[in-house]
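Before any comments, here is the structure.
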Amino acid sequence: MTAQGHSERGSATRSAIERTVLRIEMVLDRETEALQTRAPIDLKESNNCKSQALFELGMATKTLDGVPLDPDLIHRLKLLRSKLETNQIVLRRHLAAVREVASVVAETIQDREWDGTYSQHAGAAKGYGGF
């Protein structure tokens, strides 16, 4: 491929990457902020958007084989990586909190059922011979 061909392909690919990075950043920013502020968010939809955009980013970067990356794009990708890491930390905290709440709820339900089960059996046993 000629130098001009590499340049044109590289320019088109960089534009596609930049658009995709911008889309990922918007999704990450919205999701991270919602989790940090406890605002409602559809995590399934957000995850689908991130997955699709990251897939597209991966496909676009494969077409850069042999095309040198400019420093601005490298910097942009490093910023994206940082946002992904921050989002991952916030998601892990959110998941840990959800697990903790679910555990407390499950234990409460189990305790209530357990108490009810004994009282029902105790009453029934007295009716059948008094053990």
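Pick from the range 55-72 the residues that are within 12 Å of Ala16 (Cβ to Cβ) and β-branched (Val, Ile, Thr): which of them is modelled with the lowest pLDDT? Ranking the qualifying residues of the range 55-72, first place goes to Thr63. Applying a threshold of 7 Å to beta carbon distances and a minimum spacing of six or more residues, or different chains, the list of pairs starting in the range 38-49 at a residue that is more than 17 Å from Arg92 (Cβ to Cβ) and ending at one that is part of a helix (DSSP H, G or I) and not charged (D, E, K, R) reads Cys49/Val27.
Of all residues in the range 73-97, those that are modelled with pLDDT of 95 or more have Cβ atoms under 7 Å from Cβ atoms of residues that are surrounded by fewer than 16 Cβ atoms within 10 Å (Cβ to Cβ), 6 or more apart or on another chain, in Val90/Gln36. Of the candidates Glu56, Glu100, the single residue that is surrounded by 11 or more Cβ atoms within 10 Å (Cβ to Cβ) and among the charged types (D, E, K, R) is Glu56.
The values are calculated or read from the model by the stated rules, or taken from the named source; none is laboratory data. For clarity, every value in this text was computed on a predicted model and none was experimentally measured. Quick reminder, even Gly has a Cβ in these numbers, built from the backbone with ideal geometry, and neighbours come from all protein chains shown.
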